[in-house]
1. As an exercise: evaluate Val231 against (1) over 30 Å from Asn365 (Cβ atoms); (2) in contact with a strand residue (DSSP E or B) (Cβ under 6 Å, 6 or more places away or on another chain); (3) among the β-branched types (Val, Ile, Thr) and give the number of the one condition it does not meet.
2. Pairs only if they're at least six apart or on different chains, beta carbon under 6 angstrom, first in the range 114-137 and more than 22 Å from Asn49 (Cα to Cα), second open to solvent by less than 50 Å² (accessible area, probe 1.4 Å) and polar (S, T, N, Q); list them, first residue then second.
3. Consider Thr139 carefully, then state whether it is more than 30 Å from Asn250 (Cβ to Cβ) and either open to solvent by less than 30 Å² (accessible area, probe 1.4 Å) or in contact with an Asp or Glu (Cβ under 7 Å, 6 or more places away or on another chain) (or both).
4. Which residues, taken from the range 252-270, are of a type in the set (A, V, I, L, M) and part of a loop (DSSP other than H, G, I, E, B)?
5. Go through (1) under 27 Å from Tyr127 (Cβ atoms); (2) in contact with a Pro (Cβ under 6 Å, 6 or more places away or on another chain) one by one and return the number of the condition Phe257 breaks.
Amino acid sequence: MRFLSVFLYLFITSLFLFAQNDDEYFADSKLRYENFIYKENIKSVLLENNSQQLSYPYIALNSEETLRLDFDDLDGGYKNYTYGVVQCNADWTPSSLSYAQYISGFWENPLNSYAYSMNTLQSYTHYACVVPNENTKITKSGNYLLMVYEDFDKENIVLTRRFVIYENMVVVDAHVKRATILSDSRFRHEIDFSINTKGFNIDNPFTEVKIAITQNGRWDNACIGLQPLFVQDNLLIYDYEDKNTFMAGNEFRHVDFRSIRFLSDRIQNLETEYNGYNVYLFPDERRSALRYQSMADINGQFYISMQEANDDDIEPDYAHIYFRLKSDKITQPGDLYVFGGLTDWLCKPEFKMTYSEEEKLYQTNVLLKQGWYDYQYVFLPADSLSVADESVIEGTHAEAGQNYMLFVYYRPAGQYYDRVVAARFLNSQRDF
């Protein structure tokens with residue numbers, strides 16, 4: 001009987017892992033281990049540190065910190081949503097641990113916190129949850145995927161969100177500077193760092209330690225795969241000149257739609273119709289050939305807010321935001337997109353711009369909830385494996401302020417998952 005139970009457990013586990021790694025991994029209806037929205041009716045998804053707006057979804061293990069997930073369902077009414085947490089390796093593939101090995105409590109929980117929109121032209125239901133919580137305590141550091149699905153059906157996925165839980169086992173000394181290579185010094189940021197492992201035994205840092213550096217919370221252009229350049233006693237030194245650099249980018253553009261009574265600086269016109277609002281932004285100009293100009297931004301993020309509201313969860317309305325960019329048509333094969341936290345740092349079809357030969361501009365419109373949105377225009381070459389390039393339209397300047405997060409992963413021989421033994425936040429303008 002005991003043998004049969006073990007066999008059934010291994011069989012079911014293998015089926016689950018196979019389902020997570022089949023050939024349809026990138027189909028929209030299948031689980032993707034990244035920030036992704038699987039249904040058109042789901043909008044305004046945010047996962048942040050519960051104690052701080054405009055924070056990133058990273059919290060310390062065994063701390064009082066929690067993460068809050070918010071999203072809207074434009075279908076309205078009530079739906080039976082459930083959420084679960086999947087542990088991932090450093091490369092965002094699922095780890096081989098069972099949920100009982102990284103969760104104390106229940107892996108699957110109903111999403112019971114919801115409220116209906118109030119006094120809005122676009123009706124919606126707002127859902128929220130906090131993790132970890134009394135029902136789901138996470139016991140190990142690492143990469144995690146929060147997944148929401150409907151009617152207890154894991155095939156009926158609604159959204160997924162990445163987050164990281166870290167420990168403070170080693171000390172990271174890091175700073176951002178202009179790229180060392182002269183030809184890149186005006187256009188790229190370089191992140192040099194060292195890791196002090198005193199008091200934390202690492203037998204082979206070249207195989208047991210992995211590094212990931214992200215820019216503004218996005219993972220598509222993350223710097224991964226770095227190994228120590230030098231090892232001096234307890235110090236791992238990563239002082240490269242090329243492998244640890246990022247396109248510096250530019251300050252982000254913004255749209256402020258927190259009020260429907262007053263036009264902000266970026267809004268040219270606002271129309272009210274029986275079923276919603278249309279917000280027309282002033283046409284943007286191409287910046288790739290312009291000198292750097294300092295301006296305040298929130299590094300590509302967004303937040304939901306309505307100036308006249310008492311409750312920012314259910315009182316803000318939705319509007320079609322019309323983005324326009326004055327530019328000659330780009331002759332290189334590829335497409336232009338609105339890009340940023342509002343797109344999950346993905347080149348999504350609904351954010352792709354079309355070109356008007358008559359008006360000599362690119363344009364698109366997207367449905368957004370009232371709030372403040374940073375954005376930029378990026379070019380995605382026809383080669384789908386390419387990373388979106390902001391320099392084509394926005395330019396790139398070493399003076400630009402960007403946020404960076406450095407994660408240190410550790411997996412000794414015989415361990416079946418990657419611990420996150422340190423996390424370090426950096427900002428380029430603070431270091432310059």
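1. (2)
2. Tyr116/Thr125; Ser123/Ser117; Tyr124/Ser117
3. Details: more than 30 Å from Asn250 (Cβ to Cβ): yes; either open to solvent by less than 30 Å² (accessible area, probe 1.4 Å) or in contact with an Asp or Glu (Cβ under 7 Å, 6 or more places away or on another chain) (or both): no.
Considered against the rule, which asks whether it is more than 30 Å from Asn250 (Cβ to Cβ) and either open to solvent by less than 30 Å² (accessible area, probe 1.4 Å) or in contact with an Asp or Glu (Cβ under 7 Å, 6 or more places away or on another chain) (or both), Thr139 comes out as no.
4. Within the range 252-270, the subset of a type in the set (A, V, I, L, M) is 255, 260, 263, 267, 270.
Correct list: Ile260, Leu263.
5. Failing condition for Phe257: (2).
Residue-wise test of (1) small (Gly, Ala, Ser); (2) open to solvent by 70 Å² or more (accessible area, probe 1.4 Å); (3) over 15 Å from Asp389 (Cα atoms).
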| position | (1), (2), (3) |
| --- | --- |
| Leu281 | no, no, yes |
| Asp284 | no, no, yes |
| Arg287 | no, no, no |
| Arg291 | no, yes, yes |
| Ser305 | yes, no, yes |
| Asp311 | no, no, yes |
| Leu346 | no, no, no |
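Table: residues versus (1) farther than 27 Å from Gln402 by Cβ; (2) open to solvent by 20 Å² or more (accessible area, probe 1.4 Å); (3) assigned to a loop (DSSP other than H, G, I, E, B).
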| residue | (1), (2), (3) |
| --- | --- |
| Ile202 | yes, yes, yes |
| Lys210 | no, yes, no |
| Cys223 | no, no, no |
| Val231 | yes, yes, no |
| Leu236 | no, no, no |
| Tyr240 | no, yes, yes |
| Phe246 | no, no, no |
| Asn250 | no, no, yes |
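Every residue, every condition in (1) under 23 Å from Glu285 (Cα atoms); (2) of a type in the set (Lys, Arg); (3) part of a loop (DSSP other than H, G, I, E, B); (4) open to solvent by 10 Å² or more (accessible area, probe 1.4 Å), yes or no:
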| site | (1), (2), (3), (4) |
| --- | --- |
| Leu367 | yes, no, no, yes |
| Leu380 | yes, no, no, yes |
| Ser386 | no, no, yes, yes |
| Gly401 | yes, no, yes, no |
| Met405 | no, no, no, yes |
| Tyr416 | no, no, yes, yes |
| Val420 | no, no, no, no |
| Ala423 | no, no, no, yes |
| Gln429 | no, no, no, yes |
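The values are calculated or read from the model by the stated rules, or taken from the named source; none is laboratory data. Fair warning: this is a prediction, and the values are worked out from it, not measured in the lab. Here the Cβ is made from the backbone with ideal geometry for all residues, glycine too, and neighbour counts use every protein chain on show. When the accessible area is computed, the model is the full protein with side chains, heavy atoms only, and any ligands, DNA or RNA have been set aside. Shrake-Rupley method; radii C 1.70, N 1.55, O 1.52, S 1.80 Å.
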